[in-house]
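One structure below.
The values are calculated or read from the model by the stated rules, or taken from the named source; none is laboratory data. Bear in mind the structure is a predicted one, so any value in this text is a computation, not a measurement. Glycine also receives a Cβ, built like all others from the backbone with ideal geometry; neighbour counts cover every protein chain displayed. Quick note on the areas: whole protein, heavy atoms, side chains included, nothing else; ligands and nucleic acids left out. Shrake-Rupley method; radii C 1.70, N 1.55, O 1.52, S 1.80 Å.
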Amino acid sequence: KTGKVLGEFCRCYKEQFGVALFNSVRYEIEGTGGPQAQLLHRKVPLEDHVIYSGNIFQYIEENKKWRNRFCVVPHNYGLVLYENKLAYERELPPRVLVNSAGYKILTSVEQYLELVNNSLPGVTPKSGHSPILKCPTDFPLILWHPYARHYYFCVMTGKEQEKWRAVFQDCVRHCNNGISEESRVEAPAFTDAIRMYRQSKEQYGTWDMLCGNETQVLSNLVMEELLPELRSAIGPRLKGKAPERQRTWIQVSDAVYRMVYELAKAQYDAAVARCEQERPQLESTIRTDMDQIITSKEHLASKIRAFVLPKAEVCVRNHVQPYISSILEALMSPTSQGFAEAREVFFKEVTDMNMNVVNEGGLDKLAEYMEKLSHLAFHPVKMQSCYEKMDQLKLEGLQQRFDVSSTSVFKQRAQIYMRQQMDDAVYTFETLLHQELGKLQGKDDVCKSIQRILERVLKKFDYDSSTVRKKFFREALLQITIPFLLKKLAPTCKAELAKFQELIFEDFASFILVENTYEDVVLQSVMKDIMQAVKEAAVQRKHNLYRDSMVMHNSDPNLHLLGEGVPIDWSEEYSGQPEAEPAAERRRRAKQVVSVIQDDEGALPYGAEALLQPGSPEPREAEEAHPGVPPSPPDAVKEIREALARESLGAEERLMNGTDGGASEEGAHCVTSPAPGAEIPSGTGRERATPASSPVPGAESPSPACHQRGDKETGEHGERSPPQPRGTTESGEGVQTEF
């Protein structure tokens, strides 16, 4: 199946590669573009920084236990799970690497069970039977994928759940956008080839699984066709109770997905290599015969236009035009609210920083605040209020009329634009402030300068925001209407297109395709109405959109030259720290974008998995009595924590002294005093029963130092830049290499 799908796709890709190469060279020569952005664009936003790191409980399917893991989200937005914080600091290989493209973040077991039940029709657990998953707390976080394996996490409080959910959603949003837009040839060739392949199968409209890198997208393309056949062949042969059959099916689907991924990667890489080999010759032909190719393409377009345009215009007038304003209004409201919220968050953060600088010592504190502000756009929690505005996007009946499977494509695109706009504003602000600092004298000057620069940047933000939103509205309207029109016109137009092939010179057949020219003509039939609708919205000043005739004069002619300079390192240049403090220590504190939740009840020490077995009593919730005031833990929990803290200290000392060889599994797992019959992990990864009377050495004399060490090991206070994650192999419990 993979060979068949990839064979057809690679044929489409080769055709689209020549067209994309021609368009790229033509753009390079003619250089047509939109209005110039007023804000600067950061070249490398998050190099060598950590988005977030902290402790989270993960369900290990191999031994059906919940384990405390140390999770790191580096600047590439992969989820990297380590055995514990000590393993991370010692640069040991991670237990799991997850590329979250295509995943959905679920915050209730009920949502998850509904999706699992639908994935294998006819297999539903009977009432009273144990479901496929039980969560020991009320705050689960489940990563669900239609084809790949699922990941199960939980935390202790609602506050933690919201924070981790924002972090996970940011990872999914970033990884879904895995096809680089920097490439002017490979990226459009790939996406156009995907679209042409799906249209050849009568599949029009948006596609939810166009997410991840190229190989992931191709794997999704294969699995879309393969999975129903696989389900019919294997589903009836699964044995056991319903939950066991569901669990087996998930494992089968994941195993097949991995096989498809490897096969698709090999075939796609070979196709790309062949196209790159032919590229120099194709580019030479384009540059030599550019005028003739353009003339030939326009001649073909005029013939197709004469045949298609009358039918297309009738279809637009009857089926599209009446709904354009409704679609635009549905898009404008949440999108503009999201950008307005981004502006408000930026204004508030800079204003708060300004007040703090005045109150706490001027330039000495400025570096610390600017280091934090520079990562504002990549702070999942602070940006969440902006992203949430897009949840209001609903196309109602329009979604069914225009065959839009889901609005998630548009939501994520708008959210990515918001993040980019926020980072552009922050980068412009810090560049202008950095330029001014050498001329300032005292706190008052700093305060006035910050306020003046903030006002300048907000004006630029408003102008660029209007430009970006109008671009997004046009893109979204085209994405919704063009597939609908192509589907409507296919019965009367598609079969007749073959006769136009003879109008293309053989020498130019690599750069001019009848199918692409036909789509361009259909696009032109509706583009005028879309442009007019967006223009009218701007003229009416709806949602703070600027008119196209509104051109902002460049008040900072040298600003874009400043943006080309060396990135600003605030902690190095303006830190008020004494010279005796090592540079690595100063940078360590500023490396992490999101701070760890400081919640004593929110994270248990390592080795406390016995408290989180599905059959165990659930931990007491911090919010039950008085929100915001954590209750005192029960005496038993206190004793366990004290024992864990001591054992954790001993484990670390043994590791540091080289006396414990089981660091990969037992690095910071601690010995607990479990309930009767409970199991605890051993140094070899196997389980062993421990009698309830087993004493914990030294349980009578806890020391403050042990408490301090235990907290440190849970990762609640540490922040540092991660080592580069290394690949692992599937050779033990929970060990997995992701794509």
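Counting Lys and Arg as +1 and Asp and Glu as -1 over every other residue whose Cβ lies under 10 Å from the Cβ of Glu225, the net charge comes to +1. When +1 charges are put on Lys and Arg Cβ atoms and -1 charges on Asp and Glu Cβ atoms, the dipole computed for the stretch 50-176 relative to its Cα centre reaches about 140 debye. Residues in the stretch 330-336 carry Karplus couplings, in order, of 4, 6, 5, 4, x, 5, 5 Hz; the curve used is 6.51 cos²θ - 1.76 cosθ + 1.60 with θ = phi - 60°, and Gly or Pro positions show x. Taking Cβ atoms as reference points and 15 Å as the exclusive limit, the residues near Glu283 contribute a net charge of -2, counting Lys and Arg as +1 and Asp and Glu as -1. Within the same chain, lysines fewer than 8 places from Lys297 are excluded, and of the rest, those with a Cα less than 17 Å from its Cα are Lys499. Compare the Cα positions of Leu238, Phe307, Pro334 along the charge dipole of the stretch 192-344 (+1 at Cβ of Lys, Arg; -1 at Cβ of Asp, Glu; about the Cα centre) and return the one farthest towards the positive end. It is Leu238, whose Cα lies furthest towards the positive end.
Derived from the Cα gyration tensor, the three semi-axes of the equivalent ellipsoid of the stretch 50-176 are 26, 16, 14 Å, largest first.
Counting Lys and Arg as +1 and Asp and Glu as -1 over every other residue whose Cβ lies under 14 Å from the Cβ of Gly235, the net charge comes to +3.
Take 185-195, 489-499 and order them by the average number of nearby Cβ atoms within 10 Å per residue, most first; the result is 185-195, 489-499.
Between Leu437 and His41, what is the FRET efficiency for a Förster distance of 25 Å, r being their Cβ-Cβ separation, to the nearest 0.05? The computed FRET efficiency comes out at 0.70. Remark: spin-label model distance Thr288-Met259 equals 4.8 nm, labels positioned 7 Å along the Cα→Cβ axis. Counting only Cβ charges, +1 for Lys and Arg and -1 for Asp and Glu, the dipole size of the stretch 321-562 around its Cα centre is about 680 debye. Rounded to the nearest angstrom and listed largest first, the equivalent-ellipsoid semi-axes of the stretch 379-497 from its Cα gyration tensor are 45, 16, 10.
Accessible area per residue for the stretch 50-176 is 31 Å², calculated with a 1.4 Å probe on protein heavy atoms, without ligands, DNA or RNA. Since only Val539, Tyr387, Leu523 are under comparison, the one whose Cα sits farthest along the positive direction of the charge dipole of the stretch 321-562, derived from C-beta charges on Lys, Arg, Asp and Glu, is Val539.
When peptides 350-358, 507-515 are ranked by their average number of other Cβ atoms within 10 Å per residue, the highest-first order is 507-515, 350-358.
Highest-first packing order for the peptide set 264-275, 471-482 is 471-482, 264-275, based on the mean count of other beta carbon atoms within 10 Å. With N the number of residues in the stretch 321-562, Rg(Cα) / (2.2 N^0.38 Å) evaluates to 1.31.
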